[in-house]
1. Checking the condition over 24 Å from the mean Cα position of the chain (by Cα), more than 30 Å from B:A35 (Cβ to Cβ) and among the hydroxyl-bearing types (S, T, Y), which residue from B:S141, B:S156, B:S102 passes?
2. Residue pairs, Cβ under 7 Å, 6 or more apart or interchain, first in region A:84-96 and within 8 Å of chain B (Cβ to nearest Cβ), second hydroxyl-bearing (S, T, Y) and crowded, with 24+ Cβ neighbours inside 10 Å. List them.
3. With modelled with pLDDT under 95 and more than 9 Å from chain B (Cβ to nearest Cβ) as the only criterion, which of A:T100, A:T73, A:T118 stands out?
4. Scanning for something over 15 Å from the mean Cα position of the chain (by Cα), at positive phi and not acidic (D, E), does region A:12-21 turn up at least one residue?
5. In region A:129-151, what residues are at negative phi and part of a loop (DSSP other than H, G, I, E, B)?
6. Within region B:217-233, identify whether any single residue is in contact (Cβ under 8 Å) with a residue 40 or more places away in the chain and either in contact with a Phe, Trp or Tyr (Cβ under 8 Å, 6 or more places away or on another chain) or outside the structural domain of B:V103 (by TED's automatic domain parsing) (or both), and answer yes or no.
7. Taking region B:215-232 on its own, how many of its residues are surrounded by fewer than 19 Cβ atoms within 10 Å (Cβ to Cβ), over 34 Å from the mean Cα position of the chain (by Cα) and either among the hydroxyl-bearing types (S, T, Y) or within 19 Å of A:C170 (Cβ to Cβ) (or both)?
Amino acid sequence: MKPVLAVKDLSVTFRTEDGPLSAVDRVSFDVGDGEVLAVVGESGCGKSVTAMSIAGLLPRTATVDGSVELDGTELIGADKRTLRSIRGREVAYIFQEPMTSLNPVFTVGHQIIEVLRTHIGLNRQAAHARAIELLKLVGIPSAERRVGDYPHQLSGGMRQRVMIAMAVACDPKVLIADEPTTALDVTIQAGILDVLRGLRERLGTSIVLITHDLGVVADLADRVAVMYAGRVVETADVHDLFAHPEHPYTVGLLRASPAAGRHADAQRLNEIPGLVPVLTEQPDACTFADRCPRALDTCTSSQPQLTDRPHRVACWNPVREPVEV
Amino acid sequence: MRRYLLNRLWQSAVTLVLATIVVFAGVRALPGDPALALAGEDRDPESLRAIRQQYGLDQSWLVQFWQFVSHAARGDLGQSIRTGTPVRSMILSALPVTIELSVLAILIASVIGVGAGVIAAVRRGRPAEWAANALALLGLSVPHFWLGLMAILYLSVALGLFPASGFVPFFSNPVANLHHLILPALILGTGLSAVIMRQTRSSMLDALSADYIRTAEAKGLPPKAVVGKHALRNSLIVVVTIVGLQLGALISGAVVTERIFALPGFGKLTVDAVFQRDYPVIQAVVLVTATSYIVINLLVDLLYSVIDPRIRVRGEA
């Protein structure tokens, strides 16, 4: 089956005052029709930059190489007009901060209507009716009244629902959700995840879910790509990844994640010693080697490539034995 | 919204009362005895007493204040000591000139200032921003009076494009009226546009880096909508504040420009009154200035609530 979104050898470098900064290094992944791909990793691993680069939303200081194909259309290097017609229409975004991601001076209805009028050319009345439908779709009660509310009149969870309604307004092929639940209370998170799951089932939207929360991954994702220091280090089916993590970093990530009951008798969570390196250029070595308990000599002298199996891992000394996480 | 409006009106009324007290006390705190000034050479106690009685200066301050307030409330601001003309009619003839000049100047300043500010913010770090910044610096550094003199010298005297001085009331001849006012308004406006440009630029830069701008871009909106609608609407609070302050300053302080262009406006009236120690006129002028500040502030606050819905709600809370 042909993927809806095919990312191949995507690299992003930022020009900064202290010289170049390599944020993403030859990242490749595919997202199938109606599939939920989770991209996980620590803060600063390049997962958000990867997400933003898909529709060309990075600032001018970024240099992007590689290829992003959406249903056969190349997006890297596409002109501004093409990118604008794709944003909000074919690729839509949900961001982490529902508090600040909505414009405070326009009603939520207006902000949804704006997308509909820009891309589908609906008239004012039709767009208004559709906006109410969309608010109902994402589970906002008394949508007819809420459509005239300003963002500050809604709770954080409601605002995130509005963001989702806005994102799916034009029935996009791919929805990119960048930490959609991170800023919300746990009880609200479950509701948002329900909405996303419902959209996938009802509209068949493919979702790229950017998160560092493995609970969210387990809840929603079909497949997972684990990123570390700008590279994808492991990618597998979600069940396979949780049951048999092969990259030492993935193992560390799973062990560091709190889960009810699992750590009940432990004094504290396991942590991965050290920090994610900030790279000016990508070395020909494994970037995790410094923090890795299983590092070999090869790890610091040669970069491991992703293996070519359904469960792909980039490691010279992968974990094959069963692990307890 | 209605509650917010009532609240603001009440605050304005209190401010106006306080301003009246300050004006009254301020004039009385000025050095010199108005009765002595009025008596001139003839300073025998009898005529001084007569003058004091005529102007109510022999009454207690409280009674004087009450007289002042109750007369002012009925629109009676007294008579000029020098000419005997009612102060009310002096103000009514001078104020429209200044209001028209100020509004024209602020319109010119806003169009240039907001436009250049938006361009400078959007084209950050590119030649368009440097040009806008350089012009703003020039606008801030060049004194109005010099610019006014140069304009008269070249545009009015040498080229004869505009009248060099004088004024025609709007209702007797609107075209001639605008013809007389456009040059002084341009001179005032260009100077102010520099301030507005700097403020617009910085608040636009803030707005453009906000998360909701990223959302607007991710929605695929055209740049026109992202900048002109989403970012500008959020920057307007700052711009409206600065425009309001400047309009207030213009009404009381277009003195130099009015003098250069010989406009019979409020600034000229103020300066003449001060030079001639015309106390009733000074008192009235200060009171009208304070009132216009209060009214402009009220309008600015009401505009805030139109621009930003969060302010409406806060007022009601």
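1. On the way: B:S141 fails: over 24 Å from the mean Cα position of the chain (by Cα); B:S102 fails: over 24 Å from the mean Cα position of the chain (by Cα).
After ruling out the rest, the residue left standing is B:S156.
2. A:F95/A:S101; A:F95/B:T215
3. Working: A:T100 fails: more than 9 Å from chain B (Cβ to nearest Cβ); A:T118 fails: more than 9 Å from chain B (Cβ to nearest Cβ).
Sole residue among the options that is modelled with pLDDT under 95 and more than 9 Å from chain B (Cβ to nearest Cβ): A:T73.
4. So in region A:12-21, the residues over 15 Å from the mean Cα position of the chain (by Cα) come out as A:12-21.
Now drop any that are not at positive phi, which leaves A:19.
Cutting the leftovers down to not acidic (D, E) gives us A:19.
Looking through region A:12-21, at least one residue is over 15 Å from the mean Cα position of the chain (by Cα), at positive phi and not acidic (D, E).
5. So in region A:129-151, the residues at negative phi come out as A:129-138, A:140-141, A:143-151.
Answer for region A:129-151, where residues must be at negative phi and part of a loop (DSSP other than H, G, I, E, B): A:V138, A:I140, A:P141, A:V147, A:G148, A:D149, A:Y150.
6. Yes: one or more hits.
7. Looking only at region B:215-232, we keep the residues that are surrounded by fewer than 19 Cβ atoms within 10 Å (Cβ to Cβ), and these are B:222-225, B:228-229.
With the extra rule that they be over 34 Å from the mean Cα position of the chain (by Cα), the set shrinks to B:222-223.
Checking which are either among the hydroxyl-bearing types (S, T, Y) or within 19 Å of A:C170 (Cβ to Cβ) (or both) leaves us with B:222.
The total comes to 1.
Listed here are the residues, each with its yes/no results for (1) under 19 Å from B:V274 (Cβ atoms); (2) in contact with a His (Cβ under 7 Å, 6 or more places away or on another chain); (3) surrounded by fewer than 14 Cβ atoms within 10 Å (Cβ to Cβ).
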| residue | (1), (2), (3) |
| --- | --- |
| B:F24 | yes, no, no |
| B:P34 | yes, no, no |
| B:R43 | no, no, yes |
| B:L48 | no, no, no |
| B:Q53 | no, no, yes |
| B:Q59 | no, no, no |
| B:F65 | no, no, no |
| B:A72 | no, no, no |
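The values are calculated or read from the model by the stated rules, or taken from the named source; none is laboratory data. As the structure is a prediction and not an experimental result, all values here were calculated from the model. Heads up, the Cβs are rebuilt from the backbone with ideal geometry, glycines too, and the neighbour counts pull from every protein chain shown.
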